[in-house]
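What follows is a short report on a single structure.
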Amino acid sequence: MTDSTNSIRDDRHHTPRAVAETPTPDEEAFAAQLLERIMRDVPSDDDIAAVQRQLGRYPRGMVAVGRRCDVCGTPLVTVTRPLVDGKVPFPTTFYLCGTAAVRAASRLEAQGVMAQYTQLVHDDAKISAAYHRAHRLYLAFRHALAVRLGDTEEHIESVSAGGLPTRVKCLHALIGQSLVMGPGANPIGDMALERMKDEFSPSVCRCHADNADNADNAGSVVNANSTGEEQ
Ligand SMILES: [Zn+2]
């Protein structure tokens, strides 16, 4: 099994720049409530094993399951602590791991939608405002998690994920946030989910079909994983 250090370093390599924005009290309250609920979903050994199969590496620093398949309960998004193993800063708190979801997101990225979405964020004031709010919600959640676990955010302060709050750089990360935080939290993640609903939806179980698929299509799995690790 590949050591996870490499993929964690990849994450750091893809870290977007810091954009300091202060969450409002309402945003902080939303994040705190969500954290309370999510931290009760402690990953079981079976969850860890499932995510290890999905990612092809041991999910170090995974402290909760952020979202499960509505039908069978397979993890779709992990919640990773801000400082893995007490030394590796990890900004991508919500990590998309569901195989069908990762593959559908990679396919959308390959179609070039990120440039369209970035343009949309640039041109549409309403979407831009919502995208900035998504950034603040992300930071608020991670900060609450950091406080709860005693992790420092020294190296990832004001850094969220996916290109937030001005660009669209990784759909996996944005979709991960949408799946954990629900509709309305991240407008681009919501749009991407809507666009890929025939290939992936949390309410339609493709988890086991995926496993069979993986054995038959090793090439596409490698592809999906390598893209997934760039979240
Ligand atoms: Zn399922």
Residues located in segment 100-129, provided they are of a type in the set (Gly, Ala, Ser) and crowded, with 19+ Cβ neighbours inside 10 Å: Ala100, Ala101, Ala104, Ala105, Ser106
Total residues in segment 152-173, condition surrounded by fewer than 24 Cβ atoms within 10 Å (Cβ to Cβ), closer than 17 Å to Gly61 by Cα and of a type in the set (Gly, Ala, Ser): 0
Which of the residues belonging to segment 10-38 are within 17 Å of Leu96 (Cα to Cα), at pLDDT below 95 and outside any loop (DSSP other than H, G, I, E, B)? Asp10, Asp11, Arg12
Of the residues in segment 50-81, those that are small (Gly, Ala, Ser) and within 19 Å of Val147 (Cα to Cα) come to Gly61, Ala64, Gly66
May I ask you to list the residues in segment 26-42 that are of a type in the set (D, E, K, R) and more than 16 Å from the ligand (Cβ to nearest atom)? Asp26, Glu27, Glu28, Glu36, Arg37, Arg40
Restricting attention to segment 43-60, which residues are of a type in the set (A, V, I, L, M) and within 16 Å of the ligand (Cβ to nearest atom)? Ala49, Ala50, Val51
Output for segment 102-139, where each listed residue is in a helix (DSSP H, G or I), within 26 Å of Leu55 (Cβ to Cβ) and of a type in the set (Gly, Ala, Ser): Ala104, Ala105, Ser106, Ala110, Ala134
What tally of residues in segment 61-109 results from selecting those that are within 14 Å of the ligand (Cβ to nearest atom) and acidic (Asp, Glu)? 1
Checked pairs for segment 95-106, first more than 22 Å from Arg81 (Cα to Cα), second at pLDDT below 95 and of a type in the set (S, T, N, Q), C-beta under 7 Å and 6 or more apart or across chains, list as Arg103/Ser220; Ser106/Asn223; Ser106/Thr227
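The values are calculated or read from the model by the stated rules, or taken from the named source; none is laboratory data. The structure presented is a predicted model; accordingly, all values stated were derived computationally and were not measured. Please note: Cβ atoms are built from the backbone with ideal geometry, for glycine as well, and neighbour counts cover all protein chains shown.
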